[in-house]
Amino acid sequence: MAPLDEEIAEWYVMRDLKRANAKLPAYKQLEEAGLEVFTPCRWRLVVKCGKRIREVVPVIQDLLFVKEVRSKLDRYVERIPTLQYRYGRGQSFRNPMTVPAREMERFIQVIRASLSPVYYQPDEITPAMYGRKIHIVGGPLNGCEGYLITHRGSKRKRLLVELHGLLAVGVEVEPEYIRFC
């Protein structure tokens, strides 16, 4: 148990107001400073100097997650003018959004274990997409829980893992690892 005066590092939901083509976005600045940062990314084809190049870009331009103690993170927010905390609707100004550590680690594990994750905004997920609740036993996603995504006509099995109200990701899962809850 931590002493009362000692703060605990949490996953804070942040936003970066820099443009999409900024050379040094906030998530890169924070990584260089040694903080634990996660930004959901995808591959994109761009044309630079007449050549098509694949580059990694954030899925949502201004979304990033930072695991740090609030007092230490406040110093970076003051230093980087485009970096801000995200606040949920109806929440007070003093309480920024956080994600439970276990939920965030599961989300990161699922994304890193897949070559082609499919991201969903909260409003894109319909009740018809939710299949049965599943638990993965074995393989790179061992221990993950989520829902089986059902797409009409698809033979592939996909696991849906959500960060409630922020983002969801669907990744392919081998059928032999699936256990129904």
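The values are calculated or read from the model by the stated rules, or taken from the named source; none is laboratory data. Note that the structure is a prediction, hence the values are computed from the model and not measured. Cβ coordinates were reconstructed from backbone atoms using ideal geometry, including for glycine residues, and neighbour counts include every protein chain displayed. In case anyone asks, the SASA skips ligands and DNA or RNA and just uses the protein heavy atoms, side chains included. Shrake-Rupley method; radii C 1.70, N 1.55, O 1.52, S 1.80 Å.
Some notes on this structure:
- Semi-axis lengths, Å, the stretch 81-181, gyration tensor of Cα atoms, sqrt of 5 times eigenvalues: 28, 16, 12
- For the stretch 1-80, the list of trypsin sites (Lys or Arg not before Pro) that fall in a loop by DSSP and count at most 11 other C-beta atoms within 10 angstrom reads ARG19, LYS23.
- Net charge, ALA33 excluded, C-beta distance under 11 Å - Lys, Arg +1, Asp, Glu -1: 0
- Considering only LEU115, LEU166, VAL99, and ranking their Cα positions along the charge dipole of the chain that arises from unit charges at the beta-carbon of Lys, Arg, Asp and Glu, the one farthest toward the positive end is LEU115.
- Rolling a 1.4 Å probe over the protein heavy atoms leaves CYS181 with an accessible area of roughly 100 Å².
- Per-pair calculated FRET efficiency, R0 = 41 Å: ARG79 and SER116 via Cβ, rounded to 0.05: 0.70
- For the listed residue pairs LYS18/LYS51; LYS133/LYS155; LYS23/LYS67; LYS23/LYS51, the alpha carbons are over 21 angstrom apart in LYS18/LYS51; LYS23/LYS67.
- Rounded to whole numbers, the Karplus 3J(HN,Hα) couplings from phi for the stretch 75-87 are 5, 6, 5, 5, 6, 9, x, 8, 8, 9, 6, 9, 10 Hz, using 6.51 cos²θ - 1.76 cosθ + 1.60 with θ = phi - 60°, and x at Gly and Pro.
- Note on VAL46 and GLU176: their simple-model spin labels are 4.1 nm apart, each label 7 Å out from Cα toward Cβ.
- If you take all other residues with their beta carbon under 15 Å from the beta carbon of GLU145, and give Lys and Arg +1 and Asp and Glu -1, the sum is +4.
- Over the chain, relative contact order from alpha-carbon pairs under 8 Å, at least 6 apart, %: 20
- Neighbour net charge for VAL46 - beta-carbon separation under 12 angstrom, K R +1, D E -1: +4
- Between ARG156 and ASN95, the modelled label-to-label distance comes to 3.9 nm, taking each label 7 Å out from Cα in the direction of the beta carbon.
- The calculated 222 nm mean residue ellipticity attributable to helices in the chain amounts to -4500 deg cm²/dmol, summing -39500 (n - 2.57) over DSSP H runs of n ≥ 4 and dividing by all residues.
- For the chain, a simple Cβ point-charge model (Lys and Arg +1, Asp and Glu -1, everything else neutral) yields a dipole of about 960 debye relative to the Cα centre.
- Note on surface exposure: HIS164, HIS151 rank HIS164, HIS151 by accessible area, highest first, 1.4 Å probe.
- Farthest toward the positive end of the dipole of the stretch 1-105, out of LEU17, LEU83, GLY34, is the Cα of LEU17, where the dipole comes from beta carbon charges about the Cα centre.
- Exposed loop sites here mean chymotrypsin sites (Phe, Trp or Tyr not before Pro) with a DSSP loop assignment and at most 16 other beta-carbon atoms within 10 Å; the chain contains its longest site-free run at 94-181.
- Site pair VAL56 and THR126 shows an inter-label distance of 3.4 nm when each label is modelled 7 Å from Cα along Cα→Cβ.
- Across ASP123, ASP16, ASP74, mean-square fluctuation computed from a Gaussian network of the chain (C-alpha pairs under 10 Å connected) peaks at ASP123.
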